Ligand code: AMP
Ligand code: GLY
């Protein structure tokens, strides 16, 4: 029996740990730092704030003292700060995630743009700009009557992308944008279509896709209105991209990226996340992320039938060739329960109730994100609080119904906010609808 360590403490980490805990080979799942939910299902929380670089040595000590077999890093910050490199250089190689250099695929939009350009991977036509003046020229050149997009080069927690309806709007925003996020900015053609995510597990040479597409809901309000958030809900599979489309993307987009990075001496090991848009000219890449998506992981983990620990172990051994991931039939829907005021200011420390009742509903799992334990209570501790996640063998319509029924049982002091239309986009494909 093995112990594993999950770095992070959000809904993504809870869902990954929950899935890994189901492996017969796993005796315990440690989380650094975890949340109020991760103490269940073979879980144990370790109070190390692992997103801080100064705590990397404490993580290494933990791995050694607890004899941790496999470590999985959830969020991008410790990856971009070089946690994998740090652990590797200390002789510990059983860590799932890319090295600092390889995280440039997410943290440097110029790097990913150039890589895709070289490989002829479909993406928005774009111009790399190194100053506000260059950006203004590029806006004049690339704007159409449909608008234009401004994208900061570095990591901005999702805030550095402005989708503009017109050239005028872009010109009105560019000075402020470069002041806030730096002079390096990508000016990109505005694409239209349904967005979806694809997850691929890479062993450095080969990509094994999760053969299920997932759809996030980034805007705060129903019908995709309002400001962008970390994600207000997700469901899988997304009818916009069926299994064949997912395989096509893995073979023609993800595999060439991983092979090129290996040839360039920057092998990519870990989870490769393709943020895709289905345009009327086919699928195009909006962005790559170097980690599992959140909340997308929550419905994805609900749908996996296989032992995820076995697959991750094979990936770490560079041995994915014979591996295969099986999925359950049907669909999963995750509705995020957020603090009132998120993504701006919100209160913390509010009491949550109804969790036991919800978890007793068949085919429902509540993944915790911003929660903490205080005496006998569970309190809110972040913007996204819970991911109420359902499964139905009968498809998305029923999964959606179960998820919202479960949401109605949750109570939080002073109330909470959630979107009422998660997975509605899937219903328009539903023949029975
Ligand atoms: P990114 O961080 O690159 O995924 O961008 C965040 C969000 O901005 C995406 O989920 C899209 O909704 C939007 N976006 C980014 N690039 C484009 C584009 N070229 N055309 C239209 N929307 C875009
Ligand atoms: N849900 C979007 C992300 O994880 O980046």
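FYI, it's all coordinate maths here, none of it is from the lab. Here the structure is a predicted model, which means the values were calculated and not measured. Note that each Cβ is placed from the backbone with ideal geometry, even for glycine, and that neighbours are counted across all protein chains shown.
Shape class for the stretch 153-282, computed from the alpha carbon gyration tensor (a ≥ b ≥ c): oblate, with a/c not under 1.5 and a/b at or below b/c.
Give the distance, in whole Å, between the Cα centre of the stretch 224-251 and the Cα centre of the stretch 83-162. Centre-to-centre distance over Cα atoms comes out at 20 Å. Using only alpha carbon pairs under 8 Å that are at least six residues apart, calculate the relative contact order of the chain and give it in whole percent. That works out to 15 percent.
For the stretch 302-349, the pair-distance distribution built from all alpha carbon pairs, in bins 10 Å wide starting at 0, is 21, 26, 20, 24, 10 percent. Taking the centroid of alpha carbons for each part, the stretch 328-376 and the stretch 276-308 are 22 Å apart. As a proxy for reagent exposure, 177, 217, 140 were ordered by neighbouring Cβ count within 10 angstrom, fewest first; the result is 140, 177, 217. Taking label positions 7 Å along the Cα-Cβ direction at both residue 22 and residue 130, the computed distance is 5.1 nm, reported to one decimal. From most to least packed by mean Cβ count within 10 Å, the peptides 298-304, 179-185, 323-329, 70-76 give 298-304, 70-76, 179-185, 323-329. With the helix formula -39500 (n - 2.57) applied to DSSP H stretches of n ≥ 4, the chain reaches a computed 222 nm mean residue ellipticity of -8000 deg cm²/dmol. Its alpha carbons give the stretch 325-393 an Rg and a Dmax of 14.0, 41 Å. Cβ-Cβ distance of residue 362 and residue 221, R₀ of 41 Å, FRET efficiency by 1/(1 + (r/R0)^6): the value works out to about 0.85. Relative contact order for the stretch 164-252: 22 percent, from Cα pairs under 8 Å spaced at least 6 residues apart, divided by residue count. Of 137, 206, the sequence from fewest to most neighbouring Cβ atoms within 10 angstrom is 137, 206. Among 273, 429, a tally of other beta-carbon atoms within 10 Å of each Cβ gives an order, fewest to most, of 429, 273. Relative protection proxy for 288-294, 92-98, from highest mean packing down: 288-294, 92-98 (other beta-carbon atoms within 10 angstrom).
Diffusion coefficient (Stokes-Einstein, Kirkwood radius over C-alpha pairs, 20 °C, 1.002 mPa s) for the stretch 97-159: 163 µm²/s, rounded to a whole number. Extension gain, residue 264-residue 248: 0.36 nm per intervening residue step, less the Cα-Cα distance, totals 3.4 nm.
With the Kirkwood sum run over all distinct C-alpha pairs, the stretch 201-252 has a hydrodynamic radius of 12.6 Å. With 0.36 nm allotted per residue and the present C-alpha distance subtracted, the residue 421-residue 345 stretch has 25.0 nm of extension available. With R₀ fixed at 41 Å, the C-beta to C-beta distance from residue 375 to residue 92 puts the FRET efficiency at about 0.65.
Principal axis extents of the Cα atoms in the chain, from largest to smallest and rounded to whole angstrom, are 59, 49, 42. Scattering from the stretch 107-195 was approximated by placing one identical point on each alpha carbon and applying the Debye formula without solvent; log10 I(q)/I(0) at 0.13, 0.21, 0.25 1/Å stands at -0.37, -1.00, -1.36. Assign one of three labels to the stretch 1-77, namely rounded, prolate or oblate, based on the Cα gyration tensor with a ≥ b ≥ c the square roots of its eigenvalues; rounded applies when a/c is under 1.5, prolate when it is not and a/b is larger than b/c, and oblate otherwise. Oblate is the answer for the stretch 1-77, as a/c is 1.5 or above yet b/c matches or exceeds a/b.
Short to long, the 5 Å bins of the Cα pair-distance histogram for the stretch 259-363 hold 2, 8, 11, 15, 18, 16, 12, 10, 6, 3, 0 percent of all pairs. Over the C-alpha trace of the stretch 253-300, radius of gyration and Dmax come out as 12.5, 36 angstrom.
Using the Stokes-Einstein relation with a Kirkwood hydrodynamic radius computed over Cα pairs, the translational diffusion coefficient of the stretch 43-129 at 10 °C and a viscosity of 1.306 mPa s comes to 108 µm²/s.
Peptides 255-265, 231-241, 392-402 ordered by packing proxy, namely the average of other Cβ atoms within 10 Å per residue, highest first: 231-241, 392-402, 255-265.
Gyration tensor analysis over the Cα atoms of the stretch 301-425 returns equivalent ellipsoid semi-axes of 30, 19, 13 Å (largest first, whole Å).
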